[in-house]
Amino acid sequence: MGKKLKGKDLIKLGFPQNNSVNIALGQINRYRKKETKQRNLDAAKLVLVNPEEYSGDPIWGKVAEALIKPVEVKMHELKSQRAPFTIFGEDEIDDEAKYQMYNALKLPISVSGALMPDAHSGYGLPIGGVLATENAVIPYGVGVDIGCRMSLSIYPIKVSYLKGKKDQFKNILAEHTKFGMVETHKRKMDHEIFSRSEFSEIPLVKSLKTKAYNQLGTSGGGNHFVEFGTVRITDRDNQWGLLMGDYIGLLSHSGSRGLGANIAKHYTYLATKQCPLPKPVQHLAWLDLNTHDGQEYWMAMSLAGDYAKACHDNIHSRISKLLGTKPVATIENHHNFAWKQKVNGKECVVHRKGATPAAKGELGIIPGSMTAPGFIVRGLGNENSLLSASHGAGRKFSRRACKQQFTQSAIKSELKKAEVELIGGGVDEAPMAYKDIEQVMDHQRELVEVVGTFLPKIVRMDY
């Protein structure tokens, strides 16, 4: 018997001559490379004899599924008619984003959809796309940066301090926030999330635990930021009991870092193997929630979303200590996530790729650009938007177009006019790259009501 386990060894063991052999070899090669051939054969034999006992097992569950009820791999055709949908702010949205949404609505699993006024094209679903599906989750419908999140802390500090102690505020952001692929905090902080069972039970997630630990409290590149600004509370009956008026706020935007990106990559690959689709929609491959991979992705996605929150909590905790005060209010919300939600009386999976949850009474933050106001909003629970709103102003120009059209001097001029200090930030994040947030908000008056604003003053981004 050779040292390397082969398909014929599993067939000799009694495995049926179908895809269960390939799946078993794949799982063994991925997660049990260090085990001897005989130990792997012994383990595989136990699964073969009693596959039901291994349902849900992190390594052997997928093999057990292949032995009991194999996932059917077949080319899925698009429906001739789209599922019902609504577009908000249609004139603000590029045609490519609309066509991506139209195609998504023809998937056999699609139930309903909506396009937010900040929408623009992306991979799979457009950014600003909301899609309800039946018992299936689309990894690229969630997005690569799983659980990308907004978090706002409001502090009882005089707004005049932003000018009078500007250098102190700038130093806090420059020295105590970390961005991009390389920067991490020298002093690491533990968090209860690392005791979660997913970090020990899901093999992929287990391999990412050290990376997640090192990146806790850091922000990604691109459009992610941490910024000080002025919060204006305009709703007399706000739920925090705050007086109407101005406060200093800390707003952060970032996601689940390398943890989420690797989860997205891994399960997108699995989805494309299990769910072949025509080329125009190949990025919309889905995982059935009744399958091992579907259930595992849902657990991993949920963990990544909670990890994104942990990162924001860490950022705000560090900065609150440096400010010497606690926030009097905190508002936060996910995008790039999937939720189980009733749609027309039926439980569906609602993907919000770059869209803010806006159920009736639900609070959220919709930022503008680094020189434009953001809005603290309360959801109105509009069914036509699948209880959603935009997640920002949305890009008007692609990153490539920004590099061709805008200069650093033009950006500095815009920042000076708005009295904004920028630490880091590239040309691709120029304020001019984004749509007019006031127009975007105008297109979603039936989706959210405004209870306050946030005006950036000191902005930190990746270099």
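Rule-based calculations on the coordinates, nothing more; no lab input. Worth saying up front: this structure is predicted, and the values here are computed from it rather than measured. Every residue, glycine among them, receives a Cβ derived from its backbone with ideal geometry; neighbour counts consider all protein chains shown.
Quick rundown of the values:
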{"quantity": "Computed E for Ala359/Gln439 - FRET, C-beta separation, R0 25 angstrom, nearest 0.05", "calculated": "0.55"}
{"quantity": "Footprinting exposure proxy for Met461, Met244 (fewest neighbouring C-beta atoms within 10 Å first)", "calculated": "Met244, Met461"}
{"quantity": "Stokes-Einstein D in µm²/s, Kirkwood radius over Cα pairs - segment 352-451 at 4 °C with 1.567 mPa s viscosity", "calculated": "90"}
{"quantity": "Nearby lysines by direct alpha-carbon distance to Lys279 (threshold 29 angstrom, same-chain neighbours under 8 apart not counted)", "calculated": "Lys62, Lys69, Lys74, Lys79, Lys98, Lys106, Lys265, Lys340, Lys353, Lys396"}
{"quantity": "Degrees between helix 292-323 axis and first principal axis of the chain (Cα, 0 to 90, nearest 10)", "calculated": "30"}
{"quantity": "Helix 95-104 axis, angle to the chain major axis (alpha carbon atoms, nearest 10°)", "calculated": "40"}
{"quantity": "Which of His253, His443 has the fewest Cβ neighbours within 10 Å, and the rest in rising order", "calculated": "His443, His253"}
{"quantity": "With Cα atoms, 0 to 90° folded angle of helix 19-31 axis to the chain main axis", "calculated": "60"}
{"quantity": "Alpha carbon centroid spacing (whole Å) that separates segment 328-374 from segment 265-284", "calculated": "26"}
{"quantity": "Helix-derived mean residue ellipticity, 222 nm - over the chain, DSSP H n ≥ 4, -39500 (n - 2.57), to 500", "calculated": "-10000 deg cm²/dmol"}
{"quantity": "Distance between modelled label sites at Met181 and Asn290, nm, 7 Å Cα→Cβ extension", "calculated": "4.2"}
{"quantity": "Relative contact order (percent, whole number), segment 25-74, Cα cutoff 8 Å, 6+ residue spacing", "calculated": "28"}
{"quantity": "Neighbour cut-off at most 14 other Cβ (10 Å), DSSP loop, chymotrypsin sites (Phe, Trp or Tyr not before Pro), segment 24-102", "calculated": "none"}
{"quantity": "Relative contact order, percent, the chain [alpha-carbon distance under 8 Å, six or more residues apart]", "calculated": "20"}
{"quantity": "Sites Asp167 and Thr86 - FRET efficiency at Förster radius 35 Å, r taken between beta-carbons, to 0.05", "calculated": "0.15"}
{"quantity": "Low-density loop cleavage sites - GluC sites (Glu not before Pro) in segment 192-240, where at most 10 other Cβ are within 10 Å (DSSP)", "calculated": "none"}
{"quantity": "Gain on full stretching of the segment that runs from Met244 to Ala174 - 0.36 nm per residue minus C-alpha separation", "calculated": "22.1 nm"}
{"quantity": "DSSP-loop trypsin sites (Lys or Arg not before Pro) across segment 346-439, with at most 11 other Cβ within 10 angstrom", "calculated": "Lys360"}
{"quantity": "Residues Arg39, Arg318, sorted so that the one with the fewest Cβ neighbours within 10 Å comes first", "calculated": "Arg39, Arg318"}
{"quantity": "For His443, residues with placed amide H under 5 Å, excluding near neighbours", "calculated": "none"}
{"quantity": "Taking only Cα atoms of segment 7-68, radius of gyration then Dmax in Å", "calculated": "10.2, 27"}
{"quantity": "Computed over segment 201-298, Cα set: Rg, Dmax in Å", "calculated": "20.2, 56"}
{"quantity": "Two-decimal Rg to Rh for the chain - Kirkwood Rh, Cα set", "calculated": "1.01"}
{"quantity": "Inter-site label distance for Ser195 and Glu347 at 7 Å from Cα along Cβ, in nm", "calculated": "2.9"}
{"quantity": "Separation between Cα centres of segment 105-173 and segment 1-40, rounded to whole Å", "calculated": "43"}
